[in-house]
Amino acid sequence: MSNIPENLKYTKTHEWIEVQDDYTGVCGITDHAQEMLTDIVFVELPEVGLEVKAGEQVAVVESVKAVSDVYSPVSGRIVEVNKALEDSPDLLNSDPYGKGWIFKIDIKDKHELDELMDASSYAEHVASGE
Amino acid sequence: MTAQRTFLYEDHIKLGGKMVEFAGWELPVMYSSIIEEHMAVRQAAGLFDVSHMGEIVVKGRGARAALQKLIPTDMGKLEKGKSMYTCFVNEQGGVIDDLFIFMLSDNEYYLVVNAGTTQKDVEWLTLNCRTNVSIQDVSAATAKIDLQGPQSYNILKKIIKDDRLAGLQRFHFFTGTYKGEPVLISQTGYTGQFGYELFCINNVASRLWNDLLEAGKEYGLRPAGLGARDTLRLEASYSLYGHELSDTITPVEGGIGFVVSAQSEYIAKDIIEHQKAHGAPRQIICLEMLDRAIPRSEYKVLHNDEDIGYITSGGFSPVLKKGIAMALVKSGVVSVGDDVAIVIRDKTSPAKVVARPFYKYSGKKV
């Protein structure tokens, strides 16, 4: 069973967001997502300053075998990206909720967070095999 | 149509194999990590279930002559107990399939073909082999297990006690026994590494697989999936049917011009000999990425902004730790050392043309 921290919110497409303060969220892909991908060898990061809508593609994660899109859990502006992933994409495998974070976003509308899943709903979502 | 399962399906599930569909078969893409399985083959050994592949027995007094008409390779290279790599070509010179021919006797040949093309091959053989030849598709009854890597000999000799094993040369084979059943043991492979391909009947496949895994524990043997098989053959720059080779790509274009050696007549000889001597319209080149991007099949290759072709196979090389690819491009435009650009998601990434192969075959046997 993969690790699903209680303090995060989740998307159906296997991203997580941690709300740091009222305005900023840190985002990445879940432990389940990295397990499915395995051997992540490349991450294409978004440009800082990019305005995105919830559910819009913002990054690309490539494993040895597959290319996988990463979607933004909420609408907002990208304020920081994890440059360490450019040299060490494997951080996504080893520490998906920590050193493997992908981007920080200036959250436009906090109400969008209510649309996301909590840890128990996400655990059910993973168990359902979607 | 639901995917077929090999006789090792239950073993793959027990080993935690991540199953995917490939050429109509349900097979493991990996067990734990493609990179780890890849490196196990390079440094120790890996075990692959490739039972999906096709096996066809062609025999009879007319077998040799009939086969010679279908392939650009000289049948004279064969002798009893030896195998060779070649391909079937259509009238336009395109590749119907690439295959290995194992010579069992003067009048009996064992053909190992791709899974997705087995039916097409049987039809092509039936159409072209008329007199004194019988064609038998034995794929359904045959399991194929590949044991690849420098430790392969140490592992196999614990299971197959046969004096012929120690001195077995590359591209040679013999029929040994396992649990009283015949096993064809060939010193060949598709990884760029020393190793064996084992052909046995289905009912001993699971026991052979598990015996090999047990015997290989002390040598670092790991089960390896289709993912590692693909990255290994890409590093070794082996052409793959459906990628570098197809009905509309000739053997010379597809990077296997070295199989062209026959003096006698065969289908499309004019076209193929001409291309071998004077070059083909397109050629396979090898590319290394200069940034961290990963090249994938069908991405476009640009040279000075001109579209010169596309990637046929690409991915991450666990040995070189960078993106590598083979591409089918217009001939004569670029050569080794030249820079090209790969179109990846509407952006371009720089790449360099390098010598083939990325990883030279290693016959190292410890």
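Numbers for the structure displayed
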{"quantity": "Test: residue in segment B:261-280 that is closer than 22 Å to A:V67 by Cα and either surrounded by 22 or more Cβ atoms within 10 Å (Cβ to Cβ) or at pLDDT 95 or above (or both)", "calculated": "no"}
{"quantity": "Number of the exception - B:N154 against (1) touching a Phe, Trp or Tyr at 6+ places or on another chain (Cβ under 7 Å); (2) in a helix (DSSP H, G or I); (3) farther than 19 Å from B:R207 by Cα", "calculated": "(3)"}
{"quantity": "Segment A:4-45, residues that are over 12 Å from the mean Cα position of the chain (by Cα), open to solvent by less than 70 Å² (accessible area, probe 1.4 Å), closer than 30 Å to B:V29 by Cα and not hydrophobic (A, V, I, L, M, F, W, C)", "calculated": "A:P5, A:T38, A:D39, A:E44"}
{"quantity": "Conditions (1) open to solvent by less than 20 Å² (accessible area, probe 1.4 Å); (2) more than 26 Å from B:G225 (Cβ to Cβ); (3) assigned to a loop (DSSP other than H, G, I, E, B); number of the one not met by B:R61", "calculated": "(1)"}
{"quantity": "Test: residue in segment B:340-352 that is in contact with a helix residue (DSSP H, G or I) (Cβ under 8 Å, 6 or more places away or on another chain) and within 14 Å of chain A (Cβ to nearest Cβ)", "calculated": "no"}
{"quantity": "Which listed residue is within 22 Å of B:R164 (Cα to Cα) and within 18 Å of the chain's Cα centre (by Cα), from B:G116, B:G149", "calculated": "B:G149"}
{"quantity": "Filter pass, B:L234 being of a type in the set (A, V, I, L, M), closer than 28 Å to B:L27 by Cα and within 14 Å of another protein chain (Cβ to nearest Cβ)", "calculated": "yes"}
{"quantity": "Strands (runs of 3 or more DSSP E) (entirely within segment B:1-50) containing at least 3 residues that are more than 14 Å from every other protein chain (Cβ to nearest Cβ) and open to solvent by less than 60 Å² (accessible area, probe 1.4 Å)", "calculated": "B:45-49"}
{"quantity": "Within segment B:301-339, tally of residues that are open to solvent by less than 10 Å² (accessible area, probe 1.4 Å) and either over 28 Å from the mean Cα position of the chain (by Cα) or not hydrophobic (A, V, I, L, M, F, W, C) (or both)", "calculated": "6"}
{"quantity": "Selected residue (criterion: farthest from the other protein chains (Cβ to nearest Cβ)) from residues of segment A:48-74 that are farther than 30 Å from B:T231 by Cα, crowded, with 23+ Cβ neighbours inside 10 Å and not small (G, A, S)", "calculated": "A:V74"}
{"quantity": "Residues that are more than 21 Å from the chain's Cα centre (by Cα) and more than 13 Å from every other protein chain (Cβ to nearest Cβ), drawn from segment B:285-300", "calculated": "B:E288, B:L290, B:K300"}
{"quantity": "In segment B:113-151, residue farthest from B:G220 (Cα to Cα) [restricted to those that are open to solvent by less than 10 Å² (accessible area, probe 1.4 Å) and in a strand (DSSP E or B)]", "calculated": "B:V113"}
{"quantity": "Some residue of segment B:324-333 being within 14 Å of chain A (Cβ to nearest Cβ), free of Cβ contacts under 8 Å to residues at least 12 places away in the same chain and over 30 Å from B:A66 (Cα atoms)", "calculated": "no"}
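The values are calculated or read from the model by the stated rules, or taken from the named source; none is laboratory data. Being a predicted model, the structure only gives us computed values, none of them experimental. Using ideal geometry, Cβ is built from the backbone for each residue, glycine included, and neighbour counts are taken over all protein chains shown. Note: accessible area is taken over every heavy atom of the protein model, side chains too, but ligands, DNA and RNA are not part of it. Shrake-Rupley method; radii C 1.70, N 1.55, O 1.52, S 1.80 Å.
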